[in-house]
Amino acid sequence: MPDAFVKAAAVLTAAASALAYAALSPQSQLFGPTLVAPPKPNEIALTYDDGPNDEATQRLLEVLARHQVHATFFLIGRFVRQRPQLVREIASAGHLIGNHTATHPWLAWQSAVRIRQELADCNAALEDPLGAPVRFFRAPHGARRPYVLRTARSLGLTPVQWNIIAGDWVPVDPATIVSRVTRGIARNQRRNRASNIVLHDGGHLGIGQPRMATVEATDRLLNQYKPLGINFVTVATWA
Ligand SMILES: [Zn+2]
């Protein structure tokens, strides 16, 4: 193979992997500013994706109320339309609600029309039960490209990623979730960062996904960190 070709191929491969990193890495800022976590090592945002989800969401609201903390919920529009009352309960308890698209597709690979429709439809579904504009957005799977972020901003939404992921969208016990999150918090504190934790009270495949391990893990994390003087905040505090 001619040398120049090999070099060109290597450059292209590096460029492609940089783009894949920017599209999928939770903390990449290459495609535009995205809210992750400020330099406040004593703050934690508990964020819950893929709801509302009947029992898991209800039990989670009880746990959060018992510990008197507010969390952030990124809801899927099609479930919001099926459970508007549960969405009202989340909001009236003082939690922050954000847009997680209408149907949870991989946005990085969708057409411009579909991206705009997914974000606008979820906003419309939420604004009815909330009676207020939605201000935050999390891309499904964290997958994005510049158009996704531009579209979000044009709809008044700040894109939000995370810096701890607990892998709780598959069956996993509460102790495993707690140990993954605890390791992540320690790492963020060493780096002088707040922790923006993505957990799942729902599942994008449908309402009714089993997420009680996440609810139990939340209770244990709050028992563990509240006595240490950690502040639990919503992502709006950091915007
Ligand atoms: Zn999701």
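The values are calculated or read from the model by the stated rules, or taken from the named source; none is laboratory data. Computed from a predicted model, the values in this text were never measured in an experiment. No Cβ is skipped: glycine too gets one built from the backbone with ideal geometry, and neighbour counts run over all protein chains shown.
Any chance the stretch 205-221 includes a residue that's at pLDDT 95 or above, within 14 Å of the chain's Cα centre (by Cα) and closer than 21 Å to residue 76 by Cα? Looking for residues that are at pLDDT 95 or above, within 14 Å of the chain's Cα centre (by Cα) and closer than 21 Å to residue 76 by Cα, one finds none in the stretch 205-221, hence no.
Under 23 Å from residue 170 (Cα atoms), more than 16 Å from the ligand (Cβ to nearest atom) and buried (at least 17 other Cβ atoms within 10 Å of the Cβ): which single residue out of 64, 60 fits that description? Criteria check complete, one pass: 64. Among the residues of the stretch 67-86 satisfying the criterion of being within 16 Å of the ligand (Cβ to nearest atom) and of a type in the set (A, V, I, L, M), which is nearest to residue 118 (Cα to Cα)? Step by step, filter the stretch 67-86, then rank; the result is 76. Just so you know, in the stretch 127-147 the residues that are assigned to a helix (DSSP H, G or I) and within 15 Å of the ligand (Cβ to nearest atom) include one that is surrounded by the fewest Cβ atoms within 10 Å (Cβ to Cβ), and it is 141.
Whether any residue in the stretch 84-97 is crowded, with 18+ Cβ neighbours inside 10 Å and in a loop (DSSP other than H, G, I, E, B) is what I want to check. For the stretch 84-97, residues crowded, with 18+ Cβ neighbours inside 10 Å and in a loop (DSSP other than H, G, I, E, B): present. A count restricted to the stretch 159-186 and to residues that are away from the ligand (no atom under 16 Å from the Cβ) and within 18 Å of residue 142 (Cβ to Cβ) stands at 4. When each of 59, 153 is tested for being out of contact with any Phe, Trp or Tyr (no Cβ under 8 Å at 6 or more places or on another chain) and within 17 Å of residue 211 (Cβ to Cβ), the lone residue that passes is 59. Of all residues in the stretch 156-182, those that are within 30 Å of residue 112 (Cα to Cα) and in contact (Cβ under 8 Å) with a residue 40 or more places away in the chain total 9.
Can you tell me which residue is nearest to the ligand (Cβ to nearest atom) among those in the stretch 103-126 that are among the β-branched types (Val, Ile, Thr) and in contact (Cβ under 8 Å) with a residue 24 or more places away in the chain? Out of the qualifying residues, it is 103. Output yes when any residue across the stretch 218-237 is within 16 Å of the ligand (Cβ to nearest atom) and surrounded by 17 or more Cβ atoms within 10 Å (Cβ to Cβ), and no when none is. Checked against the condition, which is being within 16 Å of the ligand (Cβ to nearest atom) and surrounded by 17 or more Cβ atoms within 10 Å (Cβ to Cβ), the stretch 218-237 yields at least one hit. Here is a check on your reading of the model: is residue 194 more than 16 Å from the ligand (Cβ to nearest atom), more than 27 Å from residue 79 (Cα to Cα), buried (at least 22 other Cβ atoms within 10 Å of the Cβ) and among the hydrophobic types (A, V, I, L, M, F, W, C)? Answer is yes for this residue. For the stretch 201-212, a residue qualifies if it is surrounded by 21 or more Cβ atoms within 10 Å (Cβ to Cβ) and over 20 Å from residue 106 (Cα atoms), and exactly one does: 211.
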